[in-house]
Amino acid sequence: MKKAGNGGLKLNIVFWSEEDGCGMTSGMAAIASACADLWSMKVCLMQSSNQGGDLYQKLGTGIKNISLVREDIGGRRDAWEVLIRLAVSGKLTKESLLGSMVPVARGQMYYLPQGEYKKREKYSQAVKTGIRRVADFTRQIADLTFIDCGSGKDEISDLLLSQADVTVVMISQERQNLDAFFQNRHVFQGNVVYLINQYHQESVYNKKNIHRLYRIYEEELAVIPHNPVFRQVSEKGKTERFIRRHRQCRNFDGQNDFMQELIKTTGLILKAAGMAV
């Protein structure tokens with residue numbers, strides 16, 4: 001596929017959900033991998049510092065021989081505090097930001113690792129300023145930055161959502177959750193795409209019925225099909241490798257239906273970002 005065009009703009013795509021357990025991190029990693037491997041875009045992935053980081057579980061520990069900012073007991077790095085300090089002091093550079101990230105596919109795909117769960121009710125102004133600057137600074141090193149805000153609302157999520165060029169809202173196929181969400185639908189800045197991960201077409205609440213019941217336009221609803229093979233591979237940190245391996249699969253490939261739906265979903269999000277796909 002040709003690289004998607006957007007007139008040179010660098011965009012932030014923020015993932016958020018009102019509920020836990022929607023498969024947000026795996027879905028974001030799959031979509032980002034498709035952007036890197038199928039559209040040849042340079043992408044960065046981040047998780048806001050208000051939640052436990054598990055991108056390493058979906059994308060692995062990256063290419064070896066990289067300089068580490070800091071390691072925790074599990075061998076993972078938590079670079080947020082270092083980058084926030086640099087951002088607040090005006091010393092953040094493209095080199096320090098890129099050097100803090102784990103390369104998944106060098107030159108194409110990176111993620112910012114983190115460690116322990118840090119969600120709080122209140123954050124200092126310095127922390128909020130630092131996070132805003134770091135998220136904005138990623139536009140200098142990537143075509144697209146994908147940010148996992150986790151579930152629920154707090155000051156950090158509100159801040160990152162306010163900066164989003166596109167908001168991807170993760171929803172489930174459970175009627176109770178769908179009713180509760182769409183009866184009190186949030187207003188987001190910029191374009192919004194609703195995404196169902198682990199989608200089951202045979203459910204009563206399939207795409208057709210969700211469109212009809214909740215009055216969602218076709219271009220606003222995307223899905224990533226339930227796929228036990230992909231889920232197993234993803235949990236081993238091989239998400240990007242799986243997408244790259246199957247990017248040119250044909251009808252006889254058992255992953256063809258999954259990949260075609262993932263490509264369609266990625267295209268919807270890129271179009272929502274104003275890109276020519």
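The values are calculated or read from the model by the stated rules, or taken from the named source; none is laboratory data. What you see is a predicted model, and the numbers here were worked out from it, not measured in a lab. For neighbour counting, all protein chains shown are included, and Cβ atoms are generated from backbone atoms with ideal geometry for every residue, glycine included. All accessible areas refer to the heavy atoms of the entire protein, side chains included, with ligands and DNA or RNA removed. Shrake-Rupley method; radii C 1.70, N 1.55, O 1.52, S 1.80 Å.
Computed values, structure above
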read-out	value
Entries of LYS91/LYS271; LYS91/LYS236; LYS58/LYS264; LYS153/LYS236; LYS122/LYS264; LYS58/LYS207 with Cα pairs more than 31 Å apart	LYS91/LYS271; LYS91/LYS236; LYS122/LYS264
Distant-in-sequence amide H partners of TYR194 (H built 1.01 Å from N, under 5 Å)	VAL169, LEU221, ALA222
Per-selection Rg to Rh, the stretch 146-277 - Cα, Kirkwood hydrodynamic radius	0.97
Stokes-Einstein D (µm²/s) once Rh is taken as the Kirkwood radius of the chain over alpha-carbon pairs, at 4 °C in 1.567 mPa s	68
Residue-averaged 222 nm ellipticity for the chain, from DSSP H runs of 4+ at -39500 (n - 2.57), nearest 500	-11000 deg cm²/dmol
Unit charges on C-beta of K, R, D, E only; dipole of the chain, Debye	820
Cα centroid separation - the stretch 141-172 against the stretch 83-97, whole Å	21
Relative contact order of the chain, defined on C-alpha pairs under 8 angstrom at six or more residues apart (%)	29
Sequence ranges 262-268, 223-229, ranked by mean other-Cβ count within 10 angstrom, highest first	262-268, 223-229
Computed over the stretch 166-222, Cα set: Rg, Dmax in Å	10.8, 33
Most to least packed among 203-214, 152-163, 176-187 [average Cβ atoms within 10 Å]	152-163, 203-214, 176-187
Accessible area in square angstrom per residue, the stretch 119-276, 1.4 angstrom probe	52
The stretch 121-178, accessible surface, carbon-and-sulfur percent (1.4 angstrom probe)	42
Ordering of 121-127, 107-113 by burial proxy (mean other Cβ atoms within 10 Å per residue, highest first)	107-113, 121-127
Table column - 3J(HN,Hα) (Hz), the stretch 92-99, Karplus curve with 6.51, -1.76, 1.60, x for Gly and Pro	5, 10, 4, 5, 5, 5, 5, x
